[in-house]
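Quick notes on the structure that follows.
The values are calculated or read from the model by the stated rules, or taken from the named source; none is laboratory data. Please read all numbers here as calculations on a predicted model, not as lab measurements. With ideal geometry, Cβ positions are generated from the backbone for all residues, glycine too; neighbour counts draw on all protein chains shown.
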Amino acid sequence: MEIGKDLIAASSTPIVLAILAEEDSYGYAILQRVRELSGGRMEWTDGMLYPVLHRLERLGHVEARWVVAESGRRRKYYRITSQGRSQLAEERRQWQAVDATLRGIWQALSVSVPVGHPALAAPRPEGA
């Protein structure tokens, strides 16, 4: 199953904040964690992740610091801030509301309108 770009973009902030609430992390590790948590259904790229991290940093939701690994390689680690934890709580409330709404709609439609019912078909153009 492929998840649409709009849904991936909309969910990127709470996903990144939740991962950073777990522990401080760097870009590649965040990408791996997204893949792991999604069961491989979400394959983020650097080009998608770093603009999100930079926006969250500008907003004060995350802080970054450079760390030199034992290998001598420098990595930029990101840490969620207290403001970021508050934002994560708000994002969670909003996503739970969206989830509950969609579940209610889908349950109502599956009960009142059988699959394949004309009410679910695409609307016909006028005069058709």
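For the range 72-79, check the following and say yes or no: at least one residue is free of Cβ contacts under 8 Å to residues at least 12 places away in the same chain and surrounded by 12 or more Cβ atoms within 10 Å (Cβ to Cβ).
no
Restricted to the range 9-39, and to residues that are over 20 Å from GLY84 (Cβ atoms) and of a type outside the set (S, T, N, Q), which residue is surrounded by the fewest Cβ atoms within 10 Å (Cβ to Cβ)?
The extreme case among them is GLY39.
Has the range 46-57 got at least one residue that is exposed (fewer than 12 other Cβ atoms within 10 Å of the Cβ), in a loop (DSSP other than H, G, I, E, B) and not aliphatic (A, V, I, L, M)?
Checked the range 46-57: no residue is exposed (fewer than 12 other Cβ atoms within 10 Å of the Cβ), in a loop (DSSP other than H, G, I, E, B) and not aliphatic (A, V, I, L, M).
What's the number of the condition MET42 fails, among (1) modelled with pLDDT under 95; (2) exposed (fewer than 13 other Cβ atoms within 10 Å of the Cβ); (3) not aromatic (Phe, Trp, Tyr)?
Of the numbered conditions (1) modelled with pLDDT under 95; (2) exposed (fewer than 13 other Cβ atoms within 10 Å of the Cβ); (3) not aromatic (Phe, Trp, Tyr), the odd one out for MET42 is (2).
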